[in-house]
Amino acid sequence: EVAAEGLDASRACTAQGSEVHAVVPAPAGTGACSAWYGPGQEANGESCCLDKHAHLLDANLRLAKAVLKSHECYHELAKLACTTLCSPAQSRFADTANALPGATAPAPRNADGSINATVHVSEEWCADIVGACADEEDPRNHKTFRDNFGMDPKAMCGLLGPYFNALLTPGEDTPTYTFVAHAKSERPDSGALMLADRRCYEARTCDARDDVCPLAADGRVPVPWDAAARLLPATSGTAAAAAFGVPAGGAACSEHSASACCSPREAEAIALWPASSAVGGLGPLVSGLGGACKANVTQLFCGLGCSADQADFASPDGSAYVLEKLCAAILSACAAADVAGALAARGITSAADMCQGLGQVYASVAPAREGPAVRIVAQSGRGRRAQYGWRVVPRNVAVLGKTCPLNDDEEFAPAPLALCRQHADAACCSSDAELAGRFAQLKAHFGGGDEDSACLRGVLSLTCATSCSARQSYFVHLERDEATGEPRLFPEGDQEATSYVALGVCEDLFAQCKDVTSHIFGETFGSMYPTPSELCQSFSVTSDPTYEAKPGNTRLVTRVGVHPDTGYALGSADMPGVPSPLPMPAEYGAAASTKACLDPTVEAKARNLGFCGRYRDLSCCEEEDEAGIGGNLTAVAARVFGHGCCFERLSELVCGLACSPDQMKFIMTGFVEADRATQARNVSLFVSRELADALWHDCAKHKMLATTTVETYFEGPAALLAKIAENVKNDRVAGVTITIGEHPFEGGAVGAGTTGACTDPPPLSAAGQ
């Protein structure tokens, strides 16, 4: 161990419970913490954990991993534990009673030998823990973290100390922890910094201010030029202060003057780059092209050096990440003026080439700073951090507030929407025709048949926002490959995404829906989904037996909580650009179709039908399905009923059930309690009295098995229909009931309006002959 005498306080390790010591090389066997503080990791291989600390922490975390059910929750708690105990920046975010170098008194200790340590954590980091651990079971009382700690990030971190102490067992080598959470840009009263950056490996990444300018020389934060004195550390002298005076000719890069990472003098040097004697490389050529070329380059340079968002797109190592589209726009403007082809002659043929060359130019005029020179890195929008040009969700690839994760990261745009027209001016969906086509089904299910239902309105609001809101990137998380940023695909080719919904939205929706009886399932939503969270989670595709895993589709899972990167959820009151309310329910009818297929993936539309040709103009069955219906029925007719009026009645029944665009009016499905896990349904079919009587009239005298008539086997139409229903069962249908009469809620029945006359039996299907 390293003696404390003469130790630099900023490099002191104080929060393990042992005597103060210096930052050391990370122990070779750091075990559970190796992902953060192992040799070669981002902390430059440095750690505050001595061998005994690393082994103790590793043992405790391995025990925690065995107890915790969620890998995500373990990951977040392990990251916090490893950072708290091992970060070389420890003394900057952990207040302890342990004496720093030079103190005359030893640190007071508790009865168990531990010291007290207060760890300052940003609300952002706490939100990560809430999102990962809300449904985790607390082994102390077997309740969920949500029940024990609530969903408020600051409150949860405040209550995390006792749990951490139970996990790590305070003693001579492990302190008794208290965690205090702070909102962004707050500083603890003690003046300590806090764990604000989720990595927080090095001292410079643990500053409580998440808007520190990483390309500036003195760790300043962006402030207005009229309050420029606040940019300077208290030790700065008058010469440094003079640099913040606005030049007599006016301020360059003035678009950033309201909040800037550069001083007015630095901005002047940046904007006058064409006149600088230090500029070489591509600089003279681009300057000579003039016009839009030079103006765009100047605007880029001003943004890199002065933008208040510098912390989002730049790193302390001098890397400035620029959206490749911006580089392409500059190349286009310069190429248009480059009639001699000088850019191509220099090998500048791509957006990346252009920005790389401009990076060398900018480095020659950038404000002086310690460390490596600034370099420009062009990224496609799928990088793991923000790029200048657009603000990007950290560690993700959705351009925050600009692009649509569920639409291949395309930018939102106006769209001709009907049901979701509150999103029409800026939409992440190109159409809501499928939703409008399912309106009758949605009305039956969520409205109890009433299109003025508050439940239906709430469901439409949630559904429209998930699919079409321009703010989709704030609350939808798309699983991506860590290296490439591309969507992670299942073997079937579909992708995985999570939509985060605020608990308040679910509670409001539950209040609106719990007493509504679904006309499809015949149950109230309160009985099907006993809690607000279960109701919201039912909107996951994992609850939809019709979902098809294939390329282009998304396995969208709905979770109650906040997006792990943005800290927002659908319904967050402070989310930028909260969408306006839906149109009044009375307007739905004009935007929606009154026809709906039972299968929500099938659209009622014109199809080239043969056997069931009466539904050719508007049908719910595909051509290949209809061919199968005709073939099967023809095979039955050849053996039993022959080709005549009985055959016509049977085809009318079967084609109506399979192909009618009014399916929702005479079919009702419901969960079978024993099969709820497999999503198998009971199906109730309602047949009109007219069709049932006509079926019996035309089939009763037909012989079965060559000798016995239908009326001998069955007492009447109800018994005949019941026998037909017995033979319908598959992995999605647990059982079928055919009832003569009208749907109890929708009032429909297949075959309504059937006449007693048998006129024109359909042709026999070639598939069944």
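Readers should treat all values here as calculations from the given coordinates under stated rules, not as data from a laboratory. Computed from a prediction, not measured in an experiment: that's the story for all the values here. Cβ atoms come from the backbone with ideal geometry, glycine included; neighbour counts cover every protein chain shown.
Taking a point 7 angstrom from the Cα of T144 along the C-beta vector, which residues in segment 561-576 have backbone N less than 14 Å away?
Of the residues in segment 561-576, 561-562 have backbone N under 14 Å from the label point off T144.
Spelling out what I want: for every residue of segment 651-658, take phi, set θ = phi - 60°, compute 6.51 cos²θ - 1.76 cosθ + 1.60 (Karplus), and round to whole Hz; glycine and proline get x.
5, 5, 5, 5, 5, x, 5, 8
Report the extension gain between A59 and A719 in nm, rounded to one decimal, defined as 0.36 nm multiplied by the number of residues separating them, less their alpha carbon distance. Present the calculation step by step, with values, prior to reporting the outcome.
Working: separation 660, 0.36 × 660 = 237.60 nm, distance 6.93 nm.
Additional length available on full extension: 230.7 nm.
Once you list every other residue whose beta carbon is under 15 Å from the beta carbon of V286, what net charge do they have if Lys and Arg are +1 and Asp and Glu are -1? Present the calculation step by step, with values, prior to reporting the outcome.
Numbers: positive: K294, R346; negative: D338, D353.
Combined, the nearby Lys, Arg, Asp and Glu give 0.
Compare the Cα positions of P491, C513, A433 along the charge dipole of segment 429-545 (+1 at Cβ of Lys, Arg; -1 at Cβ of Asp, Glu; about the Cα centre) and return the one farthest towards the positive end.
Of the options given, the answer is C513.
Rounded, prolate or oblate: pick one for segment 439-573, where a ≥ b ≥ c are the square roots of the eigenvalues of its C-alpha gyration tensor, a/c under 1.5 means rounded, and failing that, prolate if a/b is larger than b/c, else oblate. Could the numbers behind the result be given before it?
Working: a/c = 2.26, a/b = 1.57, b/c = 1.44.
The shape class here is prolate.
Can you give the FRET efficiency for R689 and D452, using 1/(1 + (r/R0)^6), R0 = 35 Å, r = Cβ-Cβ distance, to the nearest 0.05? Don't jump to the answer; show the numbers that get you there.
Values: r = 31 Å, r/R0 = 0.89.
Given R0 = 35 Å and the Cβ-Cβ separation, E is 0.65.
May I ask you to work out the translational diffusion coefficient for segment 261-339 at 25 °C, viscosity 0.890 mPa s, via Stokes-Einstein with Rh from the Kirkwood sum over Cα pairs, reported in whole µm²/s? Don't skip to the end; give the middle numbers.
On the way: Rh = 13.4 Å.
Using the Kirkwood radius from Cα pairs, D works out to 183 µm²/s.
Give me the one-decimal nm value for the distance between modelled label points at R488 and V339, 7 Å along each residue's Cα-to-Cβ direction.
Label-label distance for R488 and V339, simple model: 5.5 nm.
Work out the length of the dipole vector of segment 492-538 about its Cα centre, built from +1 on the beta-carbon of each Lys and Arg and -1 on the beta-carbon of each Asp and Glu, and round it to the nearest 20 debye. Provide the component values of the computation, followed by the final result.
Values: 1 positive and 8 negative charges, 44 e Å.
Using only the charged Cβ atoms, the result is roughly 200 debye.
Specify, per residue and in Å³, the volume enclosed by the convex hull of the alpha carbon atoms belonging to segment 453-528. Before the final figure, lay out the partial values.
On the way: hull volume 10.6 nm³, N = 76.
Taking only Cα atoms, segment 453-528 has a hull volume of 140 Å³ per residue.
Once fully extended, how much extra length lies between A258 and D574, figured as 0.36 nm per residue of separation less the alpha-carbon to alpha-carbon distance? Each step should come with its number before you reach the end.
Details: separation 316, 0.36 × 316 = 113.76 nm, distance 2.29 nm.
Extra length available between A258 and D574 comes to 111.5 nm.
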